[in-house]
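Written below as structure tokens is the structure these notes are about.
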Amino acid sequence: MKNCPICHGKLEHKKEDTVYEYKGEKITISQPAEYCLSCSESFLSADDIKATKKDIVDFKRSVDHLLKTEEIKAIRKRLNLTQQEASKIFGGGIRSFYKYETGENNPHRSLDILLRLIDKKKIDLDDVLQVS
Ligand SMILES: [Zn+2]
């Protein structure tokens, strides 16, 4: 077992309910980390951060009224597009939709609006293809 770099107390890898705040809104997430049993300081590895990244990104997106990771994926699937095809049509780089769907990157609000309008059949994908 490792020791705390601050107080040299024992560290334990476990999950603890952690409150995240964004623009005044709060969410409680079960955050894995090395927790110090003496001073209760926490230390997050890359894997610990990765474990809750999508939940935190989706929380921030819902506060900002942006499509969540799974919503973007669902719209893309309804349009019968692969991540690569969608990235090519809507821009943002060849891996843009992979990044939007994994929470690595957020789409701009303009793309968010466009995807919602296409999904609500207010705009036809064929019309988008004609002008893109
Ligand atoms: Zn400590």
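The values are calculated or read from the model by the stated rules, or taken from the named source; none is laboratory data. Only a predicted model underlies this, so the values are computations on that prediction, with no experimental measurement involved. A quick note on method: Cβ atoms are made from the backbone with ideal geometry, for glycine too, and the neighbour counts reach across all protein chains shown. Areas reflect the complete protein model, heavy atoms only, side chains present, ligands, DNA and RNA absent. Shrake-Rupley method; radii C 1.70, N 1.55, O 1.52, S 1.80 Å.
Based on alpha-carbon positions alone, could you give the equivalent ellipsoid semi-axes of region 11-53 from the gyration tensor, as √(5λ), descending, whole Å?
Numbers: eigenvalues 76, 32, 12 Å².
Ellipsoid half-lengths, sorted descending, are 20, 13, 8 Å.
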Cα centroid distance between region 8-53 and region 58-132, in Å? 31
With Cβ to Cβ distances under 12 Å as the rule, what net charge do the other residues near Lys77 carry (K, R +1; D, E -1)? -2
Keeping every protein chain in place, order Lys54, Lys26 by accessible area at 1.4 Å, biggest value first, i.e. largest first. Lys26, Lys54
Report, as a whole number in µm² per second, the diffusion coefficient that Stokes-Einstein gives for region 69-131 at 4 °C and 1.567 mPa s using the Kirkwood radius over alpha carbon pairs. 112
Going down the table (Lys14/Lys68; Lys99/Lys121; Lys73/Lys99), which pairs top 21 Å between alpha carbons? Lys14/Lys68; Lys99/Lys121
Taking only the Cα atoms of the chain, how large is their convex hull per residue, in Å³? 127
Exposure of Leu117 as accessible area (Å², to 10), given a probe of 1.4 Å and all protein chains: 60
Of all accessible surface on the chain at a 1.4 Å probe, what whole percent is carbon and sulfur? 49
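At 1.4 Å probe radius, can you tell me the per residue accessible area of the chain in Å²? Don't jump to the answer; show the numbers that get you there.
Details: 8670 Å² over 132 residues.
It amounts to 66 Å² per residue over the chain.
If I take every Cα pair under 8 Å that is 6 or more residues apart in the chain, average their sequence separation and divide by the length, what percent do I get for the relative contact order? Each step should come with its number before you reach the end.
Numbers: 148 pairs, mean separation 19.2, N = 132.
Computed over the chain, the figure is 15 percent.
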Largest first, what is the accessible-area ranking of Ile89, Ile49, Ile72 with a 1.4 Å probe? Ile49, Ile89, Ile72
